[in-house]
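Here's the structure we're looking at; comments come further down.
The values are calculated or read from the model by the stated rules, or taken from the named source; none is laboratory data. Computed from a prediction, not measured in an experiment: that's the story for all the values here. Because the Cβ atoms are built from the backbone with ideal geometry, glycine has one as well, and the counts that use them run over all protein chains shown.
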Amino acid sequence: MPIRVLLVDDHELVRQGVASMLAKAEDLTVVGEAKTGREAIETARKELPDVVLMDVRMPDMDGLEATRRIKEERSRTAVIMVTMHDNPAYLREAVRAGAAGYLLKDVSKDDLVDAIRQVATGGAFIESQMLKGMLSEMKPGAAAPSAARNLTKREREILALVAEG
């Protein structure tokens, strides 16, 4: 049975490009698209996706709030944030909202497909560049306050999963 994917981005060109990339993977099927957070929630209710690819910044309702609401209604739906923001603070907020993955929009097709497959089976996927940024904040003597003290239980679980491979 294919993994059901919902695409959420306010740019049609991005949605079409991602849909085209995913069409080549036999075990994935795009079941819907949305251009706002509110549309994402409604479409997720109707289509019951296994994975949602969610943009962070959108009009009407941002992807973080939409992720929170989707996870409240259907906890088994995995959400991957797909964004151009490489700030570790966005990553922390995404994990707090319930996201199981975080990718930058310059991600390769292979990494995108791998991320979808991993989160669909209960795993987590954080792009290595983002993980390095978060880990560098946690190093002893780092200029920023220790991010380790601010990690939620879920963030620590995801970091442990990533470390295990």
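Structural remarks
- A single member of Glu65, Glu33 is within 19 Å of Arg154 (Cβ to Cβ), of a type in the set (Asp, Glu) and at pLDDT 95 or above, and it is Glu65.
- When the range 72-94 is limited to residues that are hydroxyl-bearing (Ser, Thr, Tyr) and over 9 Å from the mean Cα position of the chain (by Cα), the one that is farthest from Ala40 (Cα to Cα) turns out to be Tyr90.
- Considered as a group, the residues in the range 45-64 that are buried (at least 24 other Cβ atoms within 10 Å of the Cβ) and not β-branched (Val, Ile, Thr) include one that is nearest to Thr83 (Cα to Cα), and that residue is Asp55.
- Lone qualifier among Ala120, Ala97 - being modelled with pLDDT of 95 or more, closer than 19 Å to Arg74 by Cβ and touching a Lys or Arg at 6+ places or on another chain (Cβ under 6 Å): Ala97
- Residue match in the range 69-83 (condition: of a type in the set (A, V, I, L, M), modelled with pLDDT of 95 or more and surrounded by fewer than 15 Cβ atoms within 10 Å (Cβ to Cβ)): no
- Residue count for the range 2-26 under the criterion of being surrounded by 12 or more Cβ atoms within 10 Å (Cβ to Cβ), of a type outside the set (A, V, I, L, M, F, W, C), within 13 Å of Ile116 (Cβ to Cβ) and over 17 Å from the mean Cα position of the chain (by Cα): the result is 1.
- Residue within the range 47-56 that is touching a helix residue (DSSP H, G or I) at 6+ places or on another chain (Cβ under 7 Å), among the charged types (D, E, K, R) and modelled with pLDDT of 95 or more present: yes
- Checked against (1) over 30 Å from Thr29 (Cα atoms); (2) at pLDDT 70 or above; (3) not aromatic (Phe, Trp, Tyr), Leu151 meets all criteria but (2).
- Residues in the range 94-126 that are farther than 26 Å from Met1 by Cβ and surrounded by fewer than 18 Cβ atoms within 10 Å (Cβ to Cβ): Arg96, Leu104, Lys105, Asp106.
- Answer residue from the range 123-145, given it is at pLDDT 65 or above and either in a loop (DSSP other than H, G, I, E, B) or not aliphatic (A, V, I, L, M) (or both) and is farthest from the chain's Cα centre (by Cα) among those: Pro140
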